[in-house]
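A.B. asks: Got a structure for you, questions after.
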Amino acid sequence: MISPWDRWYTTSCCLCCHVRTGTIILGIWYMLINAVVLLILLSALNDPIQYHYHLTSSELGTDLDVMDDANMCIAAAISLLMILICGMATYGAYKQHAAWIIPFFCYQIFDFALNTLVALSVVVYPNTIQDYLQQLPGTFPYKEDLMSTNNMCLVLAVLLFIGCILAFKAYLIACVWNCYRYVSGRSTTEVLVYVTTNDTTVLLPPYEEAIAIPPKDPPPQYVSA
């Protein structure tokens, strides 16, 4: 009987490329996105007046400058950690080290779980969409049109959008998992071949010693009476 993991296992992914190639491209893409985010965050920390990310006490009734700086530093640290994890996955897929792919795979599972919780929260609390739209700034395009739309239609549209995102993320998770299985299988095969070769080498005498062994004396000739 074929297990579900073996049934969905394949070595090809989108655009008919290998799962190793797909994982490398995915890791590089995530690294570029997080590098851009990290660059923006560091620029905002270096020049907060230009990027206007500080919230003044007159706007919120309290001084949150320190909290804003802390949030920006935490976001920068998370972006740096993501660059490291994506770099490990890219290196692991390129050099065929399965253990280096595991952190990126765990991140994908965590991200998929968070998006699933968002979809469940929309189903359980559909009024949160209207509350979120009310918090948007007045200059947001089509805000009034969205506010006047039926709440059920908004919920269905949001669920459809989140469902497409979840389906795409699930496909990417399957690609990375297949890459991990492929690399693990190749590593196991190479280890088995290496062990077998070593055993064969140990059991067989060296070529020089085999040549140096003197031949046995031929048996005595049979003399008829």
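The values are calculated or read from the model by the stated rules, or taken from the named source; none is laboratory data. In this text the structure is predicted, and so the values were computed from the model without any measurement. Ideal geometry is used to build each Cβ from the backbone, glycine not excepted, and the neighbour counts take in all protein chains shown. Please note that ligands, DNA and RNA were not included when accessible areas were found on the heavy atoms of the full protein model with its side chains. Shrake-Rupley method; radii C 1.70, N 1.55, O 1.52, S 1.80 Å.
A.B. asks: Please work out the FRET efficiency for the pair T21 and L159, using the Cβ-Cβ distance as r and a Förster radius of 35 Å; give the result to the nearest 0.05. Don't jump to the answer; show the numbers that get you there.
C.D. replies: On the way: r = 33 Å, r/R0 = 0.94.
In this case the efficiency is close to 0.60.
A.B. asks: Grab the Cα-Cα distance for S121 and D47, subtract it from 0.36 nm times how many residues apart they are, and report the gain in nm with one decimal. Mind showing how you got there, number by number?
C.D. replies: Working: separation 74, 0.36 × 74 = 26.64 nm, distance 3.68 nm.
Result for the pair: 23.0 nm of gain on full extension.
A.B. asks: Then there is this: By how many nm would the segment from M152 to F140 grow when fully extended, if each residue of separation counts as 0.36 nm and the alpha-carbon distance is taken off?
C.D. replies: Working: separation 12, 0.36 × 12 = 4.32 nm, distance 2.15 nm.
Full extension from M152 to F140 adds 2.2 nm.
A.B. asks: Could you tell me the accessible area of H97 in Å² (1.4 Å probe, neighbours in place), rounded to the nearest ten?
C.D. replies: 80
A.B. asks: Here is a further query. Karplus couplings for segment 167-181 from phi (6.51 cos²θ - 1.76 cosθ + 1.60, θ = phi - 60°), rounded to Hz, Gly and Pro as x?
C.D. replies: With the stated coefficients, segment 167-181 comes to 5, 5, 5, 5, 5, 5, 4, 5, 5, 5, 5, 5, 5, 4, 5 Hz.
A.B. asks: Between Q96 and I74, what is the label-point separation in nm under the 7 Å Cα-to-beta-carbon projection?
C.D. replies: 4.3
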